[in-house]
1. Being out of contact with any Phe, Trp or Tyr (no Cβ under 9 Å at 6 or more places or on another chain) and free of Cβ contacts under 8 Å to residues at least 40 places away in the same chain is the requirement here; does residue 57 meet it?
2. So, in segment 62-77, how many residues would count as being closer than 16 Å to residue 99 by Cβ and either more than 9 Å from the chain's Cα centre (by Cα) or open to solvent by 30 Å² or more (accessible area, probe 1.4 Å) (or both)?
3. Condition first: touching a Leu at 6+ places or on another chain (Cβ under 9 Å), open to solvent by 80 Å² or more (accessible area, probe 1.4 Å), in contact (Cβ under 8 Å) with a residue 12 or more places away in the chain and not hydrophobic (A, V, I, L, M, F, W, C). Can you find one or more residues in segment 79-97 that meet it?
4. Output the residue which, of all residues in segment 45-56 that are open to solvent by less than 30 Å² (accessible area, probe 1.4 Å) and part of a loop (DSSP other than H, G, I, E, B), is nearest to residue 9 (Cα to Cα).
5. So which residues in segment 57-90 are in a loop (DSSP other than H, G, I, E, B) and either of a type in the set (S, T, N, Q) or within 10 Å of residue 23 (Cα to Cα) (or both)?
6. Here are 18, 42, 3: which of them is open to solvent by 30 Å² or more (accessible area, probe 1.4 Å), in contact with a strand residue (DSSP E or B) (Cβ under 9 Å, 6 or more places away or on another chain) and in contact (Cβ under 8 Å) with a residue 40 or more places away in the chain?
7. Find the residue count for segment 21-32, including only residues that are surrounded by fewer than 24 Cβ atoms within 10 Å (Cβ to Cβ) and touching a Gly at 6+ places or on another chain (Cβ under 7 Å).
Amino acid sequence: MALKINNENFAEVQGQSLPVVIDFWATWCGPCRMVAPIIDELAEEYEGKVVIGKCDVEEGDEVAAQFMIRNVPTIIFLKDGKQVAKHVGAATKEQLKEKIEAML
């Protein structure tokens, strides 16, 4: 299961030594619901290697603003606390795995 990321815990998540993947989503977003199970599967597959979480843009509005999230779903990839990749819109598991593997 993916980690729930919000304004309160983001600094701790960003400070991790592992690469971080954040799925920015919203409850009213159809494509976000399509990506959600993929994010959960990846969180299980990469447990201990990559921190994978979800940030509801309405609950994590400060985090979303920090990354200038304008559309959902948007998935960002962080390494050493810095953004190294971004995917806007629905994505396949293979597309996301490719970006994750590039960070490892």
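The values are calculated or read from the model by the stated rules, or taken from the named source; none is laboratory data. These figures come from a predicted structure and were not determined experimentally. FYI the Cβ positions are ideal-geometry reconstructions off the backbone, even for glycines, and counts take in every protein chain you see. Remember, those area values only see protein heavy atoms, side chains included, never the ligands or the DNA or RNA. Shrake-Rupley method; radii C 1.70, N 1.55, O 1.52, S 1.80 Å.
1. Details: out of contact with any Phe, Trp or Tyr (no Cβ under 9 Å at 6 or more places or on another chain): no; free of Cβ contacts under 8 Å to residues at least 40 places away in the same chain: yes.
When the stated conditions are applied, residue 57 does not pass them.
2. Looking only at segment 62-77, we keep the residues that are closer than 16 Å to residue 99 by Cβ, and these are 67, 73-77.
Narrowing further to those that are either more than 9 Å from the chain's Cα centre (by Cα) or open to solvent by 30 Å² or more (accessible area, probe 1.4 Å) (or both): 67, 73.
Residues flagged as closer than 16 Å to residue 99 by Cβ and either more than 9 Å from the chain's Cα centre (by Cα) or open to solvent by 30 Å² or more (accessible area, probe 1.4 Å) (or both) within segment 62-77 amount to 2.
3. There is no residue in segment 79-97 that is touching a Leu at 6+ places or on another chain (Cβ under 9 Å), open to solvent by 80 Å² or more (accessible area, probe 1.4 Å), in contact (Cβ under 8 Å) with a residue 12 or more places away in the chain and not hydrophobic (A, V, I, L, M, F, W, C).
4. Filtering segment 45-56 for residues open to solvent by less than 30 Å² (accessible area, probe 1.4 Å) gives 46, 50-53, 55-56.
Remaining after also requiring part of a loop (DSSP other than H, G, I, E, B): 46, 50.
On the way: 46: 20, 50: 17 Å.
Within segment 45-56, the match that is nearest to residue 9 (Cα to Cα) is 50.
5. From segment 57-90, those in a loop (DSSP other than H, G, I, E, B) are 57-60, 67-73, 80-81, 89-90; that's our starting set.
Those that are in a loop (DSSP other than H, G, I, E, B) and either of a type in the set (S, T, N, Q) or within 10 Å of residue 23 (Cα to Cα) (or both): 57, 71, 72, 73.
6. Numbers: 18 fails: in contact (Cβ under 8 Å) with a residue 40 or more places away in the chain; 42 fails: open to solvent by 30 Å² or more (accessible area, probe 1.4 Å).
Exactly one residue qualifies, and that residue is 3.
7. Total satisfying the criteria: 1.
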